[in-house]
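The values are calculated or read from the model by the stated rules, or taken from the named source; none is laboratory data. Model, not experiment: these values are computed from the prediction. Cβ placement follows ideal geometry from the backbone for every residue including glycine, while neighbour counts extend to all protein chains displayed.
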Amino acid sequence: MEWLFRMKLNRIYFIFLFLLFFLTLPSKAEIDFNFNGYLYNMSIYQKLNDSYKELGFEIEKDNLLLNLSRLRIRPVLHFWDGGRLELHHETNLLFSDFSSPLLINPDKTNRQAVKLNWKLISNKSLILTHFIDRLYFKQSFENATLIIGRQNIAWGSGRIWQPTDLFNPINPANFSKFEKDGADAVSFKYSFGSFTDLELVCNLREKFSDYNFAGRFRTNFSEYDLAIMSGRFDKRIVLGGDFAGNFFGAGIRGEALFSSDESDISSNFVRFIFGLDYQFTSKLYCLIEYQFNGAGTTDKEKYDFERLFKCEIQNLNKNYVMASANYLIHPLVSLNLSLLSNLNDNSGYASLLSAYSIFENMNLRFGGIYFYGKEKTEYWYFSPSTYLLVEYYF
């Protein structure tokens, strides 16, 4: 019966959206169509170790070569002034004898009500999938915006971590993905002017009792952006805020979140970040950010990798710091070095990335990421990797 319910929910989702778009279409409306997207190909080499066996994966070799291709298309229909329908559809093709956890996408995230992922081919060496990552209707008014459907909801001010962004933030260690997963939601934002607005969101889930609700008020004071938010996520009551501004020429930002089980206030935790960034020269940009993750554990035997790979959480322990530097070697060539450390179990990673803009709409990136740590620490489980990435935008 559960599969039948999900199938009906899928149909209701699509029927609702298309009825909303077309039945409300004015008879004299002129429809404009835009189309863009990108093609992305990443070749990856990984040096595997026995850590993967700890995660339940069977390993038949020590060295792994794989290739990931992603085709993302983004058609947009403009119906009338301020009204549009947008779709982001992605097709992934993975060649590999073994799938890295960082390249595995769940069927749907815990912020999605319906399954819009389909697996066309799946065998030992080839996985072909496609999915809808965005599908929403957006209506803009003079001082407000209404969005219905699978959308991107990005809250917070952090550059690496965003504690107040509870709509599927990206794991910083995932070098194969840079978009946030879409959330099935209804969002309404009202602008009061002067960089001040109020956003209300209802995040849809399979069951009404699992729905998430939140609101965020944002304003500006003396060159500082300030925001407070509150809501109910995963049957927990949350309260948080963030700020961003300038401090003696440097960028400064911070976020904090308090979360408590709605039925047990003693079951609570706090997450917060603090970061600085500075443009030293026209070529050199650096940032550093610290995170305290009160939801984590210092006991490495209790690490929950299943939730990590499902993107339900970002980190497993409590204290982290990340530093990054970007240097512009040439107007078309840049170099980025990033270092992340788990300050509790002394594991982490270092990544080096060089980027070359071949054409206006084509980029070439070559990078590597080295994970370190003692046995069963957080980043010991991940494999050192090198990769070559080609991006073509159209």
Given (1) under 16 Å from Glu179 (Cβ atoms); (2) at pLDDT 95 or above; (3) surrounded by 16 or more Cβ atoms within 10 Å (Cβ to Cβ), Leu68 misses just (2)
How many residues are within 18 Å of His88 (Cβ to Cβ) and without any contact (Cβ under 8 Å) to a residue 40 or more places away in the chain if we restrict to the range 134-166?
-> 4
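Wholly within the range 110-201, which strands (runs of 3 or more DSSP E) include no fewer than the required count, namely at least 1 residues that are in contact with a His (Cβ under 6 Å, 6 or more places away or on another chain)?
By residue number, 117-122, 126-140.
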Just to be sure, is Arg236 of a type in the set (D, E, K, R) and within 20 Å of the chain's Cα centre (by Cα)?
-> no
Filter the range 311-327 for residues that are at pLDDT 95 or above and among the β-branched types (Val, Ile, Thr) and give the result.
-> Val321
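For the range 327-359, what are the residues that are surrounded by 18 or more Cβ atoms within 10 Å (Cβ to Cβ), closer than 28 Å to Asp165 by Cα and either without any contact (Cβ under 8 Å) to a residue 60 or more places away in the chain or among the aliphatic types (A, V, I, L, M) (or both)?
If the condition is that a residue be surrounded by 18 or more Cβ atoms within 10 Å (Cβ to Cβ), closer than 28 Å to Asp165 by Cα and either without any contact (Cβ under 8 Å) to a residue 60 or more places away in the chain or among the aliphatic types (A, V, I, L, M) (or both), then Ser338, Leu340, Ser341, Asn342, Asn344, Asp345, Ser347, Gly348, Leu353 are the ones that fit.
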Going by the conditions given, is Phe258 at pLDDT 95 or above, in a strand (DSSP E or B), under 19 Å from Leu343 (Cβ atoms) and not hydroxyl-bearing (Ser, Thr, Tyr)?
-> no
Quick one: is Ile265 without any contact (Cβ under 8 Å) to a residue 40 or more places away in the chain and out of contact with any Phe, Trp or Tyr (no Cβ under 9 Å at 6 or more places or on another chain)?
-> yes
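Okay, residues lined up against (1) modelled with pLDDT under 95; (2) more than 17 Å from Gln291 (Cβ to Cβ):
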{"position": "Phe305", "(1), (2)": "yes, yes"}
{"position": "Leu332", "(1), (2)": "no, yes"}
{"position": "Ser347", "(1), (2)": "no, no"}
{"position": "Met362", "(1), (2)": "no, yes"}
{"position": "Pro384", "(1), (2)": "yes, yes"}
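Here is a yes/no grid of residues against (1) under 20 Å from the mean Cα position of the chain (by Cα); (2) within 19 Å of Ala214 (Cβ to Cβ); (3) surrounded by fewer than 17 Cβ atoms within 10 Å (Cβ to Cβ):
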{"residue": "Val270", "(1), (2), (3)": "no, yes, yes"}
{"residue": "Tyr278", "(1), (2), (3)": "no, no, yes"}
{"residue": "Leu284", "(1), (2), (3)": "no, no, yes"}
{"residue": "Asp304", "(1), (2), (3)": "yes, no, yes"}
{"residue": "Glu312", "(1), (2), (3)": "yes, yes, yes"}
{"residue": "Ser324", "(1), (2), (3)": "yes, no, no"}
For residues that are β-branched (Val, Ile, Thr) and not in a strand (DSSP E or B), tally how many sit in the range 261-290.
-> 1
Give the residues of the range 326-368 that are under 25 Å from the mean Cα position of the chain (by Cα), among the aliphatic types (A, V, I, L, M) and not in a strand (DSSP E or B), sorted by residue number.
-> Leu343
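Among the hydrophobic types (A, V, I, L, M, F, W, C) and either under 26 Å from Asn342 (Cα atoms) or without any contact (Cβ under 8 Å) to a residue 12 or more places away in the chain (or both) - does that describe any residue in the range 205-225? Give the steps one after another, and end with the answer.
Narrowing the range 205-225 to residues among the hydrophobic types (A, V, I, L, M, F, W, C): 208, 213-214, 217, 221.
After this cut, where a residue has to be either under 26 Å from Asn342 (Cα atoms) or without any contact (Cβ under 8 Å) to a residue 12 or more places away in the chain (or both) as well, the list is 208, 221.
The answer is yes, given that some residue of the range 205-225 is among the hydrophobic types (A, V, I, L, M, F, W, C) and either under 26 Å from Asn342 (Cα atoms) or without any contact (Cβ under 8 Å) to a residue 12 or more places away in the chain (or both).
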Scan the range 369-394 for residues that are crowded, with 18+ Cβ neighbours inside 10 Å, in a strand (DSSP E or B) and touching a helix residue (DSSP H, G or I) at 6+ places or on another chain (Cβ under 7 Å) and jot them down.
-> Phe371
Those residues of the range 200-249 which are exposed (fewer than 14 other Cβ atoms within 10 Å of the Cβ), closer than 30 Å to Tyr278 by Cβ and of a type in the set (A, V, I, L, M, F, W, C), in sequence order = Phe221, Phe247, Phe248
With respect to the numbered conditions (1) part of a strand (DSSP E or B); (2) touching a helix residue (DSSP H, G or I) at 6+ places or on another chain (Cβ under 8 Å); (3) among the aliphatic types (A, V, I, L, M); (4) at pLDDT below 95, which one is the sole condition not fulfilled by Leu85?
-> (4)
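Among the candidates Lys108, Lys177, Lys115, Lys138, which residue alone is within 25 Å of Asn203 (Cα to Cα), of a type in the set (Lys, Arg) and modelled with pLDDT of 95 or more? Full working, then the answer.
Values: Lys108 fails: modelled with pLDDT of 95 or more; Lys177 fails: modelled with pLDDT of 95 or more; Lys115 fails: modelled with pLDDT of 95 or more.
Every option except Lys138 fails the conditions.
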